[in-house]
Amino acid sequence: MNAIQTSRVIIPSVLVGILVLLYGCVVGWAANGIVNLQKSDSDIFLTKTESTLLAAFFELGRFSSAIPAGILGDKVGRKPIIYICSIQHLMAWSLKIFTTSKYVLFFARFISGTATGTGNAVLFIYAGEVAPAKIRGTVLSTLYTFFYLGILIQYILGTFLEYHSICIVSLAICSLFYIFLIFVKESPSYLITKSKYNEAKQIYKWVNSNKTEEEMNKEFEAMKEYVVNQRKSQERSNGGFSDPVNRKCVTLVFVINFLTQLTGLPAVVVFVHSVFANVNVLSPGIFSILFAAIQYIAGCSASLLSDKIGRRKMYMITCSLCVLSHSFTAVLHFLQDQVNVDIPHSSWLLLLSISVYACIYAAGLGPLTIIVRGELLPQAVKGIGSGLAVVSAGVSCFLLIFIFHVIENSVGLAYNFIFFIINCLLLMTLVYFKLPETKHKTLAEIHAAFKDSI
């Protein structure tokens, strides 16, 4: 692939990636934001219960908006939904800046959740539709690194700036993204569903400029045939769900998204100060920055691995490594908190064990979930299927955030990591028996492979 084609894929993906960065900012803000709001001198004081509720409001907004956004994305296009998402982010950060009411803050957090749910329902689907098959994994993985960058930015801001300054900087990033949206092109697959074949072909040729005219015409006609057949299937059935292939794909994506979140990262990110509460070398804030920086670097490596190693093999390797990392962390917390063993250099060992898991997730489980969603969902159910995937992730995050402190207070922090281990093993089992290899395959070829397995 030449430099011109690469830039024509990467540039719009990076612009959309800024929206993923905003998602990371929203998630990362909770870690320091919740700590600041629990201080007695805060303009908006929250109890520990209210702080947990604030985190949960985000997940509530995320999974309540995802399905409507996915359906709307199939009707009006991917780009208009991305615009709506950016407006929601602008509204949420503006409310956080000007309010002194905890109830308005809850509403702002809910709006942040709807922005994330709206964006996630179409963003990675859009990138999967635009990117050529040979670099689709790389593009989707690159997008996901923006999520970790957003978390890192918020950890740095939260450590060195006060509450309102953090919100102002975040609002500035939102405004910048809204301006850049004019450079985002519509998805060729969506345009085909609306019979705008000439416009779809122009965008497809623009992205695949390194190929010969014959190759481009052949590939475009194959994509057109696949999308048109999917549209016909959608029209003659119950939104495409009467097709057993479509149902199988949506169900698999739904369960993979659900189990991936339950491997622990959402709770670790939101309650990072609780996880690092016993460190005695550096402050929890500095440890959090180191944790996020390591995670971001690992996420960048995923873009180099995703199209070299098969999806199934990456899942097997990363799930196994997550089990080992969580096992070490669970033992460490158990010895410290329940047996009262004084472990030398325990703070650094804890940072190491949690960071290893974060690296594994960033390089494997996180981007793989996005890649699988972008590749497996058939065109006829892509919008609602993507929405259901976001709902699945939102529900599991919602449950995880609530039970994290329940488990910690009732039996100890170590048992949270045992719970994470169980979910890693369940995810690995599901992938081994149900997920086919999709590396370097076109969307039509992936659909055909699922059809052959029915």
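For the reader, a short list of remarks on this structure follows.
- Gyration tensor verdict on region 66-123 (Cα atoms; rounded if a/c is under 1.5, prolate if a/b is larger than b/c, oblate otherwise): prolate
- Other residues within the sphere of radius under 14 Å centred on the Cβ of THR100, judged by their own Cβ, net out at 0 (K and R +1, D and E -1).
- Phi-based couplings in Hz for region 371-381 (Karplus 6.51, -1.76, 1.60; Gly and Pro marked x): 4, 4, 4, x, 9, 7, 6, x, 4, 5, 10
- Each principal axis of the chain carries a Cα extent, and these read 68, 47, 43 Å when sorted largest first.
- Angle of helix 414-434 to the longest C-alpha principal axis of the chain, folded into 0 to 90 degrees and rounded to 10: 20°.
- About the centre of its Cα atoms, region 152-211 shows a dipole size close to 540 debye [charges on the beta carbon of Lys, Arg (+1) and Asp, Glu (-1) only; nearest 20 debye].
- Among the GluC sites (Glu not before Pro) in region 39-136, none sits in a DSSP loop with a Cβ that has at most 13 other Cβ atoms within 10 Å.
- Anchor LYS218: lysines whose Cα lies under 19 Å away (excluding residues fewer than 8 positions away in-chain): LYS134, LYS196, LYS201, LYS205, LYS441
- Rounded if a/c under 1.5, otherwise prolate or oblate - region 147-268, Cα gyration tensor axes: oblate
- When you restrict to C-alpha pairs under 8 Å that are six or more residues apart and normalise by the size of region 61-156, the relative contact order lands at 37 percent.
- The stretch between TYR83 and SER101 holds 3.7 nm of extra length on full extension. This uses 0.36 nm per residue minus the Cα-Cα distance.
- Within straight-line cross-link reach of LYS451, aspartates and glutamates at Cα separation under 13 Å, skipping those fewer than 8 residues along the same chain: ASP243
- Percentage relative contact order, the chain, counting C-alpha pairs under 8 Å, at least six apart: 27 percent
- Principal-axis tilt of helix 311-333 within the chain, Cα atoms, nearest 10 degrees: 10 degrees
- Cα gyration tensor shape of region 72-177, rounded if a/c is under 1.5, else prolate or oblate by comparing a/b with b/c: oblate
- Pairwise FRET efficiency - VAL76 versus GLU445, Cβ, R0 = 35 Å, nearest 0.05: 0.75
- Net charge, VAL381 excluded, C-beta distance under 10 Å - Lys, Arg +1, Asp, Glu -1: 0
- Peptides ranked, highest mean first, by Cβ atoms within 10 Å: ranges 188-195, 369-376: 369-376, 188-195
- Spatial separation of Cα centroids for region 124-200 and region 18-42, in angstrom: 19 Å
Just so you know, all these numbers are worked out from the coordinates, no wet-lab data involved. Here the structure is a predicted model, which means the values were calculated and not measured. Reconstructed Cβ throughout: ideal geometry from the backbone, glycine too, with neighbour counts over all protein chains shown.
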